[in-house]
Each structure stands twice: as C-alpha cells, then as structure tokens.
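Notes follow once the structure below has been shown.
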There are 2 protein chains.
Amino acid sequence: MNTSAYTPKQILGIDWGTSNRRAYLIDANGACTLRHSDDQGMLAVRPHFAQSIEDLLAAMGLPSDTPVIASGMVGSAQGWHEVPYLDASVPLRKLPQHLLRVAPDRFIVPGYCQRGEDIDVMRGEETQLLGALALGHADGWVVLPGTHSKWVLLRDGVIQQIRTFMTGELYATLGAHGTLAPLMGGPESEAAFAEGMQAARRRAPLSNALFRVRARVVAGAMPAADARSFLSGLLIGTEFVAAQDASDTIISIASPALQQLYATAAAQFGLQLDGLDPDRVYCAALARFFD
Amino acid sequence: MNTSAYTPKQILGIDWGTSNRRAYLIDANGACTLRHSDDQGMLAVRPHFAQSIEDLLAAMGLPSDTPVIASGMVGSAQGWHEVPYLDASVPLRKLPQHLLRVAPDRFIVPGYCQRGEDIDVMRGEETQLLGALALGHADGWVVLPGTHSKWVLLRDGVIQQIRTFMTGELYATLGAHGTLAPLMGGPESEAAFAEGMQAARRRAPLSNALFRVRARVVAGAMPAADARSFLSGLLIGTEFVAAQDASDTIISIASPALQQLYATAAAQFGLQLDGLDPDRVYCAALARFFD
C-alpha cells in the first residue's frame, strides 16, 4: 500500500458487489481475524459509502481509522468513485501499487480491462486473482463462476485473456421471461445437465441452441421437467467449449454449490477443476496489500 | 384439400399466431379478394376457436360454411388442436394432403419438425414456405425474420435444415431486463449495427459477446447510445455467420422494416437478400390448397 506512509496493524478488506458485500479483517501476519457479510451492496448504499464504512467499522468493533480496501462494483461509475481500469498487461502482483485513495484510510482496488477487438472487463475478480497468485497459481485458466462467469488465463501472474459469460444472468432472465420461462419448473437432473453440456459441444449459436431447448420439449424428445437442468448444462457447457485450449487443470474460485456444478462439467470435458475457497483467496490477496 | 369431397369456391386462410392473426380470402383462381387482421391471437381466443371463426366469418360478411384453413400456433398444444409435426422429409408440395380436419370445413396445417441431434420446429412458417415454393423458390435458404427467426434450407421443395434463432426475443428480453437493459435507450445507428455484425463474425459464444456489449461501453470504446443498434447487429449477424454456407442469394419473407434490416446485414456478408411480400406468399400457399 504505497499510498500510505505507515504499515498498519490490520486492514479491513471489503468485497463490495452490486447487491452484497463481505468484509474481512486481516492482521499484519495475513491472518483473517474477523468476518462480516451483509446485503449492503453498492445499490443499497450509494451515495453514502463513507458513512456506510463508518457504520460497518463500528458494528465490527473496529476503530474508525482502520485502513479499508474495497474491491468490486464500488469502484465503478455507479459506485463510490470510478477507478480507471488497469490494462491487462499490468502484472497482478503490482495491484497494491495501484490502489486509488478516495479518502483518508480508504482505498479502492482498480479493475482490469482487456482492450482490442475482444474488449472485456472485471471489477473485484482482480483481487481474487491476486489471492490465487499468492496461493501459488500463476499460470493457466482461473474460472470465477456466477452471474457473470469470468474465465481468466494467467501466465506468470499476468492476465493473458479475460472472457466473461453472462451465464447466471441468462439463466435467471430466461427462467423468468419469454419462451423458456414456463419450462423452468423442473427439479435438478444430472442427466439433463449432461445433455445440455453435450448440446453445447455442437457449437450452434446460443440464440439457436436456446430455441432448441423448447424444440426438444415440444417435439417430445425431452420431458419439460428436464429443461431447467438442460439449460444450465448448455450455458455452462458453452463456457467450457470456449476454453477447449485449456490445460488439464483449471482453478476455480466458487461457492461449494457452483464448485460442484463446474467440477461436474469439467469432468465431462476431461478436465480437472481444483476449487479454491473464495474467503481464503480474498484474505490471501489482502495480505499482499501489506507488502 | 383431400379431406373434403368437393372443390370450394373460396377458402379463408388464417395465419393464426400467438398474439395476432391475419385472414385472407382466396377464390378458386388463387386471387386474394379480402383481407383482415386483428389481435385475436391464440392467447386471446383460446379455448373458443370455433366460435371465434364464426365471428370472424360474420364480420367479413362470409357464409359460415366457408372452408377455413388455419396455420401457426393454433395447431400447438396450447392452441385449438395439437397437430403432430410432419417430418422434414415430407415435401412441402404434399402439405395439402396433411391438413388436420378439426371440425366441418375447418382445417389446420401441420408444422414441421427436424429430428436428430439438432431438433428444431416450425408452425406457420411451413405455409409461407409452400407459398415461396409456389412462387418458384424451391432451393436455397429462406429466412423468416422475427421474434424467432427461421432459416430454412430447401432443396427441390424439401426442407434440408431448420435453424431457429431467438433473435427478436433476446433483443426484447435483454432490452427490458438485466445488465444491458439500461443501455438500450439509444437511437438507431447504421454504424453501430455494422459494428455489432462485425463482432458476430468473431464467433465468440453469445453469452460472452453479450457481456462485451456492456464492456465496450464501460471501457469507453463505444458510446452507450450505440449499444442498442450494436446488440441488434450482433444478434442478426449471428444468424448470417451461422449460414456462411449460403449461396449468393437468400430469400426473405418479412415486413418491409425487417426486410430492410436483413438486407443491410446480408450486404455486409456479400449476400443478396430478395424479399417476398408475406401476404403475397401466404395467398400463393392458400391457392395450393385447391389442388
């Protein structure tokens, strides 16, 4: 944290997303000594970010001059301060040199932007990636599944590729609106999930493959109850098909439920998915901010 | 119409979709002598289809024993009677032999199903395709743009491939819900449409390409006002990329606005799009039902 003249005894890190936030207190040894999570995401808090941090510190019994480092959508144009994206060529290990100081003892981690024809961006995941790097994962694909699944290819701790898939968002939106929505009432089915993955391998454009979920049902080739898991397999399978250049092992940073789903998918593609615990990864990243 | 023992003097054809219907009165010479359209689609009418036809005939000043041939979603499980799909191998010219008689003087045209790995279906478009065939278009790609854009490859009047793209539905749904919705306020832009087409050529999975619409905006590479036309170009371009095996000329059956949009897209792919008027095509199909 080169923007501060002293080495603090502890840091509060906040993974501050659109709808939720998670806070972690890290001591100078890099140990996480306190955790907190709530629904005070960017949308709920804005524009009162400074006050919200004061309240959070008080609720956690921490002094108000505790250094706070926030990552995620808090650094977007809709957040506290828009922090310019770093270029993908900036090594992850240099992230601590690029924090934006937005108030005394308050810092925001910049996201990354991949420029050129295949523009892609991240805000928040860069901190998870720094944590993965700190835990020894400097090369290969790292996947962060979710509403906007991120696939990031690292080489020696430098971002080579960012691919964001609106997997979770499409699953939720198509489940609530339009042609597929009435088919989304079924239970989870491993077999239907596998069939959806298989459909993804055929590489039909998704706008076509999505219609064919319904076509399978109305043509009597699939029970309506299977459509939900099939759709999930199709969307997640699409991510794996796009990463067919992946080495044998992929690192994932995911909740246990998503880790299990993605590990099942990876196995069908002959890949090994090694899961890292998101909390552990975040704390490992925060420890780097003491350097 | 082999299901009827006499040759009628006129037929009322109804293109009966989910939300709207269009009716055409055809005389024995194949001339369209009367037209009508209203919002009494399948959802508004069901389950009172028979009565709705009586009312329509009365409103058009026609005798109640006028033979009526309906196509479209009226033949689906949610419609009047579920009419089994024909297999794609059945030549279009044989459609008149496969009408389902659901009541005296009342018939429904069956849709088509493409079976196998790439299951796809149509209901209503088969009648348009019969019309295109009647007008001399027995070979090559026919595109019927819309909520669910159909691309159909014909050879000697037999369906070789059906590809349905949820183009219109995705455009509407993503414009109303989720990450892209706040970006959809801009005016139409030919340049942004062309850029979206260009993005489609890169063949990134749509779940990725859709996120990158937003990434372009937040990274400052595209004005937010351009996102709507870019999305339109991306979705329509995806259809053309999938049909890169197309011969130089494609037939389209579309409203003037969609015809213009798709012709612009075709030109960017070095293809010629010849438009057929949907009403003319439908009437040409109806005339075949006298045979």
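Pick from segment B:171-180 the residues that are assigned to a helix (DSSP H, G or I) and under 16 Å from A:Gly168 (Cβ atoms): which of them is farthest from the other protein chains (Cβ to nearest Cβ)? Give the steps one after another, and end with the answer.
Step one: filter segment B:171-180 for residues assigned to a helix (DSSP H, G or I), giving B:171-176.
Keeping just the survivors that are under 16 Å from A:Gly168 (Cβ atoms) gives B:173-174.
Numbers: B:Thr173: 5, B:Leu174: 7 Å.
Only one residue tops the list, namely B:Leu174.
Right, A:Gly140: closer than 27 Å to B:Ala199 by Cα, in contact with a Ser or Thr (Cβ under 6 Å, 6 or more places away or on another chain), more than 10 Å from every other protein chain (Cβ to nearest Cβ) and surrounded by fewer than 23 Cβ atoms within 10 Å (Cβ to Cβ) or not?
Against the criterion (closer than 27 Å to B:Ala199 by Cα, in contact with a Ser or Thr (Cβ under 6 Å, 6 or more places away or on another chain), more than 10 Å from every other protein chain (Cβ to nearest Cβ) and surrounded by fewer than 23 Cβ atoms within 10 Å (Cβ to Cβ)), A:Gly140 qualifies.
I'd like to verify a number: residues in segment B:157-170 that are in contact (Cβ under 8 Å) with a residue 24 or more places away in the chain and either under 15 Å from B:Leu231 (Cβ atoms) or more than 8 Å from chain A (Cβ to nearest Cβ) (or both), how many? Give the steps one after another, and end with the answer.
If we filter segment B:157-170 for residues that are in contact (Cβ under 8 Å) with a residue 24 or more places away in the chain, which is where we start, we get B:157-165, B:167, B:170.
Of the ones still in play, those that are also either under 15 Å from B:Leu231 (Cβ atoms) or more than 8 Å from chain A (Cβ to nearest Cβ) (or both) are B:157-162, B:165, B:167, B:170.
Selection size over segment B:157-170: 9.
Select from segment B:167-192 the residues that are farther than 25 Å from A:Gly146 by Cβ and hydroxyl-bearing (Ser, Thr, Tyr) and write down the one among them that is surrounded by the most Cβ atoms within 10 Å (Cβ to Cβ).
B:Thr167
Consider segment A:217-238. How many of its residues are at the interface with chain B (Cβ under 8 Å from one of its Cβ atoms) and crowded, with 23+ Cβ neighbours inside 10 Å? Walk me through how you get there before you give the answer.
We begin by selecting, within segment A:217-238, every residue at the interface with chain B (Cβ under 8 Å from one of its Cβ atoms); these are A:218-219, A:221, A:235, A:238.
Next, only the ones that are crowded, with 23+ Cβ neighbours inside 10 Å stay: A:235, A:238.
Number satisfying all stated conditions: 2.
Would you mind telling me which numbered condition in (1) facing another protein chain (nearest Cβ under 10 Å); (2) over 12 Å from A:Phe269 (Cβ atoms); (3) at pLDDT below 95 A:Val241 fails?
Failed condition: (2).
Mind listing just one residue for me: the one in segment A:47-66 that is among the small types (Gly, Ala, Ser) and either modelled with pLDDT under 95 or assigned to a loop (DSSP other than H, G, I, E, B) (or both) and, of those, surrounded by the fewest Cβ atoms within 10 Å (Cβ to Cβ)?
Filtering segment A:47-66 for residues that are among the small types (Gly, Ala, Ser) and either modelled with pLDDT under 95 or assigned to a loop (DSSP other than H, G, I, E, B) (or both), the one surrounded by the fewest Cβ atoms within 10 Å (Cβ to Cβ) comes out as A:Gly61.
Against the conditions (1) buried (at least 19 other Cβ atoms within 10 Å of the Cβ); (2) over 25 Å from the mean Cα position of the chain (by Cα); (3) over 28 Å from B:Gln244 (Cα atoms); (4) within 9 Å of chain B (Cβ to nearest Cβ), where does A:Ser149 fall short? Just the number, please.
With respect to (1) buried (at least 19 other Cβ atoms within 10 Å of the Cβ); (2) over 25 Å from the mean Cα position of the chain (by Cα); (3) over 28 Å from B:Gln244 (Cα atoms); (4) within 9 Å of chain B (Cβ to nearest Cβ), A:Ser149 is out only on (2).
Looking only at segment B:258-291, which residues are within 19 Å of B:Leu34 (Cβ to Cβ) and outside any helix (DSSP H, G or I)?
B:Asp277, B:Phe289, B:Phe290
Search segment B:235-249 for residues being in a helix (DSSP H, G or I) and not polar (S, T, N, Q), and hand back the single one that is farthest from B:Ala191 (Cα to Cα).
To start, the set of residues in segment B:235-249 that are in a helix (DSSP H, G or I) comprises B:235-242.
Remaining after also requiring not polar (S, T, N, Q): B:235-237, B:239-242.
Details: B:Leu235: 15, B:Ile236: 14, B:Gly237: 14, B:Glu239: 19, B:Phe240: 18, B:Val241: 19, B:Ala242: 22 Å.
If we take residues in segment B:235-249 being in a helix (DSSP H, G or I) and not polar (S, T, N, Q), then B:Ala242 is farthest from B:Ala191 (Cα to Cα).
Any residue that is in contact with a strand residue (DSSP E or B) (Cβ under 9 Å, 6 or more places away or on another chain), under 22 Å from A:Asn208 (Cβ atoms) and within 12 Å of chain A (Cβ to nearest Cβ) - is there at least one of those in segment B:189-203?
Our first condition is that a residue be in contact with a strand residue (DSSP E or B) (Cβ under 9 Å, 6 or more places away or on another chain); within segment B:189-203, this holds for none.
No, there is no match, as no residue in segment B:189-203 is in contact with a strand residue (DSSP E or B) (Cβ under 9 Å, 6 or more places away or on another chain), under 22 Å from A:Asn208 (Cβ atoms) and within 12 Å of chain A (Cβ to nearest Cβ).
Is it true that A:Glu126 is of a type in the set (Asp, Glu) and in contact (Cβ under 8 Å) with a residue 40 or more places away in the chain? Reasoning before the result, please.
On the way: of a type in the set (Asp, Glu): yes; in contact (Cβ under 8 Å) with a residue 40 or more places away in the chain: yes.
Taking the combined requirement at face value, the residue satisfies it.
Is there any pair with a first residue in segment A:20-43 that is among the acidic types (Asp, Glu) and a second that is in a loop (DSSP other than H, G, I, E, B) whose Cβ atoms are under 6 Å apart and which are 6 or more apart or on different chains, and what are they?
A:Asp39/A:Asn20
Being among the aromatic types (Phe, Trp, Tyr), in contact with a helix residue (DSSP H, G or I) (Cβ under 6 Å, 6 or more places away or on another chain), farther than 16 Å from A:Glu117 by Cβ and assigned to a helix (DSSP H, G or I), is that true of even one residue in segment B:221-234? Reasoning before the result, please.
Within segment B:221-234, the subset among the aromatic types (Phe, Trp, Tyr) is B:230.
With the extra rule that they be in contact with a helix residue (DSSP H, G or I) (Cβ under 6 Å, 6 or more places away or on another chain), the set shrinks to B:230.
Now narrow it down to the ones that are farther than 16 Å from A:Glu117 by Cβ: none.
No.
Sort out which residues of segment B:206-218 are free of Cβ contacts under 8 Å to residues at least 24 places away in the same chain, among the aliphatic types (A, V, I, L, M) and within 14 Å of B:Glu195 (Cβ to Cβ), and write them in order of number. Please lay out each step first, then the result.
So in segment B:206-218, the residues free of Cβ contacts under 8 Å to residues at least 24 places away in the same chain come out as B:207-208, B:212, B:215-216, B:218.
Right, trim to among the aliphatic types (A, V, I, L, M) and you get B:215, B:218.
If the condition is that a residue be free of Cβ contacts under 8 Å to residues at least 24 places away in the same chain, among the aliphatic types (A, V, I, L, M) and within 14 Å of B:Glu195 (Cβ to Cβ), then B:Ala215 is the only one that fits.
The values are calculated or read from the model by the stated rules, or taken from the named source; none is laboratory data. All figures in this text were calculated on a predicted structure; none of them were measured in a lab. Virtual Cβ from ideal backbone geometry, glycine too; neighbours counted across all protein chains shown.
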